[in-house]
1. Under the 0.36 nm per residue contour assumption, what length would be gained going from the current alpha-carbon distance of Thr9 and Thr59 to full extension?
2. Please quote Rg/Rh for the chain to two decimal places, taking the Kirkwood radius as Rh and restricting both calculations to Cα atoms.
3. What FRET efficiency do you get for Lys26 and Leu52 if R0 is 25 Å and r is their Cβ-Cβ distance, rounded to the nearest 0.05?
4. Suppose only helical runs count, i.e. DSSP H with n ≥ 4. What mean residue ellipticity at 222 nm does that imply for the chain under -39500 (n - 2.57) per run, divided by all residues and rounded to the nearest 500 deg cm²/dmol?
5. Note the angle between two axes, namely the Cα long axis of helix 2-30 and the longest principal axis of the Cα atoms of the chain, as a number of degrees from 0 to 90, rounded to the nearest 10.
6. Calculate how steeply helix 35-64 sits against the longest principal axis of the alpha-carbon atoms of the chain, using the helix alpha-carbon long axis, and give the answer as 0 to 90 degrees to the nearest 10.
7. Averaged per residue, what accessible surface does the chain expose to a 1.4 Å probe, in Å²?
8. Relative contact order for the chain using alpha-carbon pairs under 8 Å, separation at least 6, rounded to a whole percent?
Amino acid sequence: MTVAVVLLTTALVTVVALLAAAGAGKLARMDNASYPAALSRAATTFATVITLAAVVAGTLAALLT
């Protein structure tokens, strides 16, 4: 059961990160950024969301154990 929860949570975080990155890339293009700049903003957003999720998970794990 724990493995299923971990896998589903990982999938949810990945989907949210991809959606945030797509939104950031689209907003960058609407702001007349070049394709490389928009891709860079999207990649930065993706990495930020993944990092934030890891920090929150680590903090919760430390508090709950």
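1. 16.4 nm
2. 1.14
3. E between Lys26 and Leu52, to the nearest 0.05, is 0.75.
4. Theoretical 222 nm ellipticity from helices: -32500 deg cm²/dmol.
5. 20
6. Tilt relative to the chain: about 20 degrees.
7. Working: 4930 Å² over 65 residues.
With all protein chains present, the chain gives 76 Å² per residue.
8. 33
The values are calculated or read from the model by the stated rules, or taken from the named source; none is laboratory data. Just so it is clear, the structure is predicted and the values come from calculations on it, not from any experiment. Here the Cβ is made from the backbone with ideal geometry for all residues, glycine too, and neighbour counts use every protein chain on show. Ligands, DNA and RNA are stripped out before the accessible areas are found, and what is left, the full protein with its side chains, is counted by its heavy atoms. Shrake-Rupley method; radii C 1.70, N 1.55, O 1.52, S 1.80 Å.
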